Amino acid sequence: MSSKRTVAVIGGGSFGTALANLLAENGHKVLMWMRDAQQAEIIRTERQSPRYLKGISIHTDVEPTTDLAKVIQPDLLFIALPSSALRDVLKPIADELNNKILVSMTKGIEANTFLLMSQILQELAPQAKIGVLSGPNLAREIAEHALTATVIASEDVTVCQQVQQVLHSRTFRVYASNDRYGVELGGALKNVYAIMSGMTVALGMGENTRATLITRALAEMTRFAVKLGANPMTFLGLAGVGDLLVTCNSAKSRNYQVGYAIGQGLSLDEAVSRLGEVAEGVNTLKVLKAKSDELGIYMPLVTGLYAIIFGGMSLEKVIEKLMLAEPKTDVDFISTEGF
Ligand SMILES: NC(=O)c1ccc[n+]([C@@H]2O[C@H](COP(=O)([O-])OP(=O)(O)OC[C@H]3O[C@@H](n4cnc5c(N)ncnc54)[C@H](O)[C@@H]3O)[C@@H](O)[C@H]2O)c1
Ligand SMILES: O=P(O)(O)OC[C@H](O)CO
């Protein structure tokens, strides 16, 4: 067990709160920044977060605050903001973030720039040490102490070691990686396929269908990542196939829930507003479609989902296109000479 320290979590939604609780349970003091003063007050007085983690007791060493100046005092900061808000929230305090350790837990891609969140952190605070925490990590299960594993990825081994020290516990195991880009890309891309998976479940499609979808999703996201220079082996780990499996199979995933609602006949807007939480896959789908078109990467699942959600194409038509497409070989990275 590590020595006790004060750490910060920026973002007090479901994931930020679950992680803050873990840190406090490990004996650390946690400053948790939240945008909403009313939510912060509820946590302070009731030690509950009924909006994001109903029924979970919040440790007394988690101190909610809306004061950003206060929360940037510790030298280790975890960031759990929605990707759409991360740059805007952190920009005013960028100078103070230099020389800190910044760990992104946000699984998204910035529209227009195609930057991952840790790349934005690096842009804002070039002197900071940067890491990414990603893996099969449903916030509610972490908060309920389901046995969970995750990955801390950083080029700087001391970042990995410090994060392992503060987070390791009987129920939460932290593996290290030096492939920050691959780990982060895996966490962002899988959300898109979780939307598809939720749709197939709502439509009563079989287990064969879901296994095929998940496996072809892994092929597709790996193909994309390799084109962008990531190591494909990372996708065999917790932040790749691990996160893809949990998000595509769990009704607790918000991305899966959005897909499920669309499969039930709701529009995208209706599905997102019924959820009332962040489903990063919707924005990721848009930026991924644009990037794969720009780079000429074959991504039939992304193309199909985009056509349904943003192009008004029927699911039947998309399925027909996918199933009757030109026959392909199974695994991309095996030589198929002679086929
Ligand atoms: N919930 C999970 O299981 C989980 C697990 C792993 C990673 N993540 C990732 O963590 C990130 C945050 O997700 P979450 O589940 O905590 O989301 P959430 O919807 O539960 O909470 C989002 C939080 O951000 C705040 N927020 C929203 N817009 C904001 C803005 N413009 N400025 C400041 N604050 C704003 C909300 O008030 C809320 O506190 C996402 O990228 C998500 O993919 C979530
Ligand atoms: O609820 P989701 O769909 O945002 O997924 C949560 C986590 O990313 C699962 O690891």
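List of remarks:
- With respect to being among the polar types (S, T, N, Q), surrounded by fewer than 16 Cβ atoms within 10 Å (Cβ to Cβ) and either assigned to a helix (DSSP H, G or I) or modelled with pLDDT under 95 (or both), Gln38 fits the description.
- Only residues that are open to solvent by less than 10 Å² (accessible area, probe 1.4 Å) and within 16 Å of ligand 2 (Cβ to nearest atom) were counted in the range 50-89, giving 4.
- Test for Pro92: is it open to solvent by 10 Å² or more (accessible area, probe 1.4 Å), over 22 Å from Thr284 (Cβ atoms) and of a type outside the set (S, T, N, Q): yes
- Matching residues in the range 59-92 - criterion: being away from ligand 1 (no atom under 14 Å from the Cβ) and in contact (Cβ under 8 Å) with a residue 40 or more places away in the chain: Ile72, Gln73, Pro74, Leu76, Leu77
- Subset of the range 174-189 (residues that are touching a Leu at 6+ places or on another chain (Cβ under 8 Å) and either under 11 Å from Val151 (Cβ atoms) or open to solvent by 10 Å² or more (accessible area, probe 1.4 Å) (or both)): Val174, Tyr175, Tyr181, Glu184, Gly186
- At least 2 residues being within 29 Å of Arg223 (Cα to Cα) and under 18 Å from the mean Cα position of the chain (by Cα) is the threshold, and among the helices (runs of 4 or more DSSP H) wholly inside the range 122-202 those reaching it are 180-202.
- Counted residues, the range 267-306 - those being within 16 Å of ligand 2 (Cβ to nearest atom) and of a type in the set (Lys, Arg): 1
- Within this structure, Leu102 fails the test of being within 15 Å of ligand 2 (Cβ to nearest atom) and not in a helix (DSSP H, G or I).
- Residues in the range 210-237 that are open to solvent by 60 Å² or more (accessible area, probe 1.4 Å) and either under 17 Å from the mean Cα position of the chain (by Cα) or among the basic types (Lys, Arg) (or both): Arg216, Lys227, Leu236.
- Single unsatisfied condition, Cys248 versus (1) away from ligand 2 (no atom under 16 Å from the Cβ); (2) modelled with pLDDT of 95 or more: (1)
- If you go through the range 1-11 and keep only what is open to solvent by less than 10 Å² (accessible area, probe 1.4 Å) and of a type outside the set (A, V, I, L, M, F, W, C), you end up with just Gly11.
- Arg274 open to solvent by 60 Å² or more (accessible area, probe 1.4 Å) and closer than 14 Å to Gly198 by Cα: no
The values are calculated or read from the model by the stated rules, or taken from the named source; none is laboratory data. The structure presented is a predicted model; accordingly, all values stated were derived computationally and were not measured. In this analysis, Cβ positions are derived from the backbone assuming ideal geometry, glycine residues included, and neighbour counts consider all displayed protein chains. Ligands, DNA and RNA are excluded from the accessible area calculation, which covers all protein heavy atoms including side chains. Shrake-Rupley method; radii C 1.70, N 1.55, O 1.52, S 1.80 Å.
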